[in-house]
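First comes the structure, then the notes that go with it.
Please treat every number below as a calculation from the coordinates, not as lab data. Every value quoted in this text rests on a predicted model; they were computed, and no experiment measured them. Here the Cβ is made from the backbone with ideal geometry for all residues, glycine too, and neighbour counts use every protein chain on show.
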């Protein structure tokens, strides 16, 4: 969540003016009286001005109360409707909760939050990327591809986006087309893209290239590369298993 310039400065208890309307909420939060703080925050959010609402939201954001923050902003929007100066804070609060859901593999719950966030902040590349990632995990390949293409039109050199586009192509069956995307991301320093590249090369029977990229992965990311490869080779269903039976790859296993 971005820092918000406000007349009260930090929402830290020691710095807060105790006559400020958010002060009671902060006191309740710092006393770990979260249900009471939520009730006070909702009462305030129903009718306060935007500056106060931004300070109120920051109080929850600084304490990592992601779910409560998103709930508060959705309550505010339901009461007040869209407010331009609040759009970014609202969208980023929903995005933070969506990311938490995605980490917990709760993609069906993440997607509607991201869609709401994008309604408020449609030009935000990170939101577009997160929605594309969510669609990919849900098996909605065309929606994922459309999203990542839109994000790349805004940030064409972003290696994370090229890796994501590669994953969409790979997982939708266009393995050969995924290789240039993974290569670009790997060349930009993303070890995870290197592993995806190895999978694609092995599926495409491009063994010599795969061996070269294994050497590159281990040279550029020695600890992480070894850990990823050990895990990959422990999976009997990995495309990299083809290397075990290829004479050219024998030195990798000696």
Inset, instruction - Report, in degrees rounded to the nearest 10, the 0 to 90 angle that the Cα long axis of helix 66-80 makes with the longest principal axis of the chain. - result: 60 degrees
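What does the C-alpha gyration tensor say about the overall shape of the stretch 82-156? Classify as rounded when a/c is under 1.5, otherwise prolate if a/b is larger than b/c, or oblate.
Because a/c hits 1.5 or more and a/b fails to exceed b/c, the stretch 82-156 counts as oblate.
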Legend entry - Answer label for volume of the Cα convex hull per residue in Å³ (calculated), chosen among (1) 169; (2) 156; (3) 121: (2)
Legend entry - Between 0 and 90°, nearest 10: helix 222-233 axis offset from the chain longest Cα axis: 70 degrees
Inset, instruction - May I ask you to order 238-244, 222-228, 174-180 by the average number of other C-beta atoms within 10 Å around their residues, highest value first? - result: 174-180, 238-244, 222-228
Inset, instruction - Compute the label zone of residue 208 within the stretch 239-254: residues whose backbone N is under 18 Å from the point 7 Å along Cα-to-Cβ. - result: 243, 246-252
Inset, instruction - Measure nothing fancy, just the Cα-based angle from helix 50-62's long axis to the longest principal axis of the chain, in degrees from 0 to 90, nearest 10. - result: 50 degrees
Inset, instruction - Report the FRET efficiency, 1/(1 + (r/R0)^6), for residue 49 and residue 123, where r is their Cβ-Cβ distance and R0 is 35 Å, rounded to 0.05. - result: 0.85
Legend entry - Inter-label distance for residue 67 and residue 23, nm, one decimal - labels placed 7 Å from Cα along Cα-to-Cβ: 3.1 nm
Inset, instruction - Using a Förster distance of 45 angstrom, determine the FRET efficiency expected from the C-beta separation of residue 241 and residue 78, and round it to 0.05. - result: 0.30
